[in-house]
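Structure record follows, encoded as structure tokens.
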Amino acid sequence: MKNKILLVSISVLFIAVTLTGCGSIPFLSTPTSTPLPTNTPLPTATPTATPVPYYVTASVMSGTIQAPAILYHRFTNDTHDATSTYTRYSDFKKELQSLYDAGYSLVSMSSWLDGTFSVPEGRKPLLFTLDDGISSDQLYINSDGTPSQYSGLGILYDFSKQNPDFGYAASIYTNMGDKYYGDIFANNWFYVSEGDAWKTKLANTIVWAIENNIELYNHTYSHVDLSLTKATDISYQLQKNDATERDFLALVNRSDLDTKLGNILALPWGNWPASQEGVDAIKNYVNPEGKPLSAIMEAYNADEPKLTPSVFSSDFNKWSLPRITATVSSVEWIASHSNEIPSMQSCKLGPTDESKASDTATLQALITSAVQAATCPEGVYHVGDQIFVAQNGTVSLYKKATTVSAAPTSTPTAQ
Ligand SMILES: [Zn+2]
């Protein structure tokens, strides 16, 4: 019996040696050729564990931080021509794929403007904006609660579910006073029913939008040409649009969402007021919750595409943010110019003491030395919930998230 155990043991050893392929002789011969010294007592105290060097993983975006802001209007089936106002569902699906393949991921307009935007590692920021809202072909919620595949933001929703790193974010610039909302979907298109049913449908669509990262902003109440509108009428157009949006929320008892409505204006046709008084009426506009206007969106012709600077760019001007009108060819241009947009990179900071890994001053020092040692580039750093700007040899805290969030982690995941 003893012999049998010995035989099995040797066989196991032989197999282990053969499998590891190292043919390590010492493994077999150690016990006999180098006996353990008998005169050295084994240490009785447990040695202190060697501290494992701790590194903090940061996300950093470097270079000229800019992004394409695509301006969509309406969506349609293939019976309509593709124009700068109408994007066909079939074309839109192809465009989403090509933008995704080009490395883009969506960020919200609010995060773009306050500098808190982030994309997963290796990806580039992209903004979707929709003017002339809200029409059913832009966003329509089916009776089962899912967004319709006959609406642009519904198609986007499905695409983002299949490709989570593309993200789901867009902003709609509304004209609440110039149209009805198609509340019925039949025979592959939207219709407005009798009575006021469309109002409840639109109100619930607005609620869905706000709760699903679709931001609503101003495009004037009745899509007026601001170059032909008096300053007092401009103020009315902005106020009335905001008030109407809030009326819809009140209709479905969701006034709690009023505070989620921001204050940005997209100029109808990209036209500015003719007078300085009119320009001031826009820039000084404060929404019902007391938020001052935070930006003005312009509209550029699709054949002269301009990228939108970020708050970290020297040419950022919140009163004049360019957007690229969506056409089949302008979206192709955006996909093929992705090399002009920086990608999010990952960079290791440290080593440091784990207990100080979320300490602002510690992180600042770690970024400074990483940049000096050229192991990480200058740029905008996201570490946990803190954002730093490393520029011209200095590192400063840009923003510390004020919202309650999970404990800082050494491996922050981009949104
Ligand atoms: Zn418009």
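Readers should treat all values here as calculations from the given coordinates under stated rules, not as data from a laboratory. Nothing here was measured: the structure is a model prediction, and the numbers come from that model. Positions of Cβ are backbone-derived with ideal geometry, glycine not excepted, and every protein chain shown enters the neighbour counts.
Worth pointing out:
- Mean projection of the Cα convex hull over all viewing directions, computed for the stretch 211-279: 5.0 nm².
- Sorted by Cβ neighbour density within 10 Å, fewest at the top, the residues ASP178, ASP137, ASP132: ASP178, ASP132, ASP137
- Annotation: amide H-H contacts under 5 Å for TYR54 (H modelled 1.01 Å from N, sequence separation of 5 or more, or interchain): THR352.
- Inter-centroid distance (Cα atoms) of the stretch 307-358 relative to the stretch 175-233, Å: 31 Å
- Cβ-based exposure ranking for SER275, SER136, SER110, in which fewest neighbours within 10 Å come first: SER275, SER110, SER136
- Measuring spread by the Cα atoms of the stretch 86-243 yields a radius of gyration and Dmax of 16.7, 50 Å.
- Measuring against 27 Å, Cα to Cα, the residue pairs LYS240/LYS283; LYS124/LYS161; LYS161/LYS199; LYS124/LYS199 contain LYS161/LYS199; LYS124/LYS199 as the ones spanning a longer distance.
- Once backbone amide H atoms are built at 1.01 Å from N, GLU215 has ALA170, SER171, ILE172 as its partners under 5 Å, excluding neighbours fewer than 5 places away on the same chain.
- Among LEU71, LEU293, sorting on how many other beta-carbon atoms sit within 10 Å of each Cβ, with the fewest leading, yields LEU293, LEU71.
- Potential extension, GLN345-GLN276 segment - 0.36 nm per residue separation minus Cα distance: 20.5 nm
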